[in-house]
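Accompanying notes for the structure given below.
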Amino acid sequence: MASSLLDLAPVVPVVVIEDAADAVPLARALVAGGLPAIEVTLRTPAAPAAIRAIADAVPEAMVGAGTVITPEQVTQALAAGARFLVSPGWTDVLLEAMRASGVPFLPGVSTTSEVVALLERGVREMKFFPAQAAGGTAYLKSLAGPLPQARFCPTGGIGAANAPEYLELPNVGCVGGTWMLPADAVAARDWARIESLAREAAELKPALSAGGTCR
């Protein structure tokens, strides 16, 4: 097992599940494709049941809860079996709850001041969200100089085409995305297609820099 959530795979699928019955076959497809860390967002009523089903039936998956914005959701996610937590942003109250959970967590940031504030509180791994809208690779590259101790999982506006550009950055451990989960494939329960797309995502490598080398 990798020492950090950011090192499990180059991509963390961000999953929105409407029907908890889809959770297990979907998770199995993602794991078979090489993406073991699965973020199930708490955006739907089915999310807690989906997390619980994956935790119970797909032990090889590291299932987590995303869109965590309250301490109550931290408690709910842990009760369902979440093994990591992801938030789109953070407050001291939420950060305290996530830290007390005992599982890995990625608080969301989009500004330099938020990054510095988390570093001040001993947190070095963060979600950068919304990645493309907040400045993309250029912004993260600018942060690497003054704040090299911070590592990120950029999420938001990232797909197969631009993911390698993010993965090239020294302060990016992985990216989050949904492109391996097209809505039509999920609706059709086309798990084979999702597994194939997950495999392509798992094989993503950093883009070649101008000098022709990768990190």
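Throughout, read-outs are computed from the coordinates displayed, never taken from laboratory work. Values in this document were obtained by computation on a predicted structure and should not be read as measured data. So basically every Cβ, Gly included, is an ideal-geometry build from the backbone, and we count neighbours across all protein chains shown.
Some points to look at:
- Among D184, D92, D22, residue whose mean-square fluctuation peaks in a GNM of the chain (springs only between Cα atoms under 10 Å): D184
- Neighbour net charge for V12 - beta-carbon separation under 14 angstrom, K R +1, D E -1: 0
- Between the range 52-72 and the range 117-154, the Cα center-to-center distance that results, in Å: 24
- Modelled FRET efficiency - R0 22 Å, E18 with I69, Cβ distances, 0.05 increments: 0.65
- Rounded to the nearest 20 debye, the dipole magnitude of the range 49-186 is 180 debye, with +1 charges on Lys and Arg beta carbons, -1 on Asp and Glu beta carbons, and the Cα centre as origin.
- FRET efficiency for the pair E120 and R43, taken as 1/(1 + (r/R0)^6) with r the Cβ-Cβ distance and R0 = 41 Å, rounds to 0.85.
- Where labels lie 7 Å past Cα in the beta-carbon direction, separation of S3 and T111 in nm: 3.3
- Charge tally in the Cβ shell below 13 Å around R189, where Lys, Arg are +1 and Asp, Glu are -1, R189 excluded: -4
- For the range 142-183, the percent of C-alpha pairs falling in each 10 Å distance bin, counted from 0 to the bin holding the largest distance, reads 29, 50, 17, 4.
- Taken one residue at a time, the phi angles of the range 98-106 give Karplus couplings (6.51, -1.76, 1.60, θ = phi - 60°) of 5, 5, 6, 5, x, 10, x, 8, 10 Hz. Gly and Pro are set to x.
- Summed over qualifying helices (DSSP H, 4 residues or more, each -39500 (n - 2.57)) and divided by its residue number, the chain shows a 222 nm mean residue ellipticity of -10500 deg cm²/dmol.
- Along principal axes, Cα extents of the range 1-74, largest first, whole Å: 29, 26, 18
- Relative intensity of the chain on a log10 scale, I(q)/I(0) at q = 0.09, 0.14, 0.16 Å⁻¹, equals -0.32, -0.79, -1.04, per a Debye sum over C-alpha point scatterers of equal strength in the absence of solvent.
- Between the range 162-191 and the range 75-102, the Cα center-to-center distance that results, in Å: 23
- Positive contributions from Lys and Arg (+1) and negative ones from Asp and Glu (-1), summed over other residues with Cβ under 13 Å from the Cβ of L85, come out at -1.
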